[in-house]
Amino acid sequence: MLKKRARFWLAMSLTLSLLAFSYACGGKKDDTGTGADNTGGGGDTSSKAQEWTPKGDEGSITGKISFTGTAPAPQKIDTAQDANCAAKNPNLMTETVVAKGDKLQNVIVYIKDGTLADGKKLSDYSFKTPDTEVTLDQNGCHYVPHVIVMQANQKLKVINSDQTNHNIHALPKSGGGNDEWNQSQGPGAAPIMETFKRPEIVPIKCNQHPWMKAYAGVFKHPFFAVSKDDGSYEIKGVPPGKYTVVAWQEKGPTESKPMEVTVTKGAATADFTFDASAMAAITGSNSSLEVVPAIELPMLGNH
């Protein structure tokens, strides 16, 4: 009898211990997200974050993206595998480096982090998702535009303006919080609507046409821009404060050397220079470029 009782209490003790261990390991589910991110300020993704609203005293960050030396020449793309592509865009060229004179296009410039004039961190705020869509067109068997920027959860509208089938394949980093998606889209097909949940620079390709590549810069906040064909960019509506600004170009997917910028009710300048000789030496798209930030030149007055 004593042995049976001993075995009973031993079994009960083990059962209670296992239940306690299971509860401790499971814990309370954390639904606040990862909390931090390297692209676009990161910060609190929970509903407790204060939503930022413009106050009317915002400024802007402007600048130009330059390079030293001679830019790598674009290469002609062989589109013979698809007669539709060859007919519509017979002189299709690579867009890895697009330069005009000594100015560089398709460079993403964005605020990485910073402190507003009220002393709060940029990451302490949440930002309303825009109602507008960002459109990525497949036209002439290449993506237009080559580089897009958007906020997390903003709608991406993919359309097909070609008379051929495309297969759009978004390739976010594994474990980063964004879903990989891969969808076919024929001529005249309905737009594909997708979103990216987390800040990240996402490569996009076409499985049908291997030369087709684009990049989607996804950010927590709206403080970003893409350089134009003259190398210029403008980040509008920036609240007064001190910020770290970086530039990204697809030949060097790691961030540039940061610039510290002070924004008042006016415009602050942040210029970046890419080294063309280093760019020409890179054959892939996974190596860093040598990027030299120019001196910040804050300007007074309205912009």
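The values are calculated or read from the model by the stated rules, or taken from the named source; none is laboratory data. Model, not experiment: these values are computed from the prediction. Here the Cβ is made from the backbone with ideal geometry for all residues, glycine too, and neighbour counts use every protein chain on show. Protein only, heavy atoms only, side chains kept; ligands, DNA and RNA dropped before computing areas. Shrake-Rupley method; radii C 1.70, N 1.55, O 1.52, S 1.80 Å.
Each label was represented as a point 7 Å from its Cα along the Cα-to-Cβ direction; for ASP82 and ASP275 these points are 3.7 nm apart.
Approximating the spin labels as points 7 Å out from Cα along Cα→Cβ, the LYS48-to-ASN139 distance works out to 4.7 nm. Each principal axis of region 46-144 carries a Cα extent, and these read 57, 36, 23 Å when sorted largest first.
In the full protein context, region 102-178 carries 39 Å² of accessible surface per residue, based on a 1.4 Å probe and ignoring ligands, DNA and RNA.
Extension gain, THR195 to ASP230, is 9.6 nm, computed as 0.36 nm per intervening residue step minus the present C-alpha separation. Mark the label point 7 Å from the Cα of GLU260 along Cα→Cβ and return the residues of region 208-243 whose backbone N is within less than 15 Å of it. The answer is 241-243, whose backbone nitrogens lie closer than 15 Å to the label point. Calculation over all alpha carbon pairs of region 64-213 in 10 angstrom steps from 0 returns a P(r) of 10, 32, 32, 20, 5, 1 percent.
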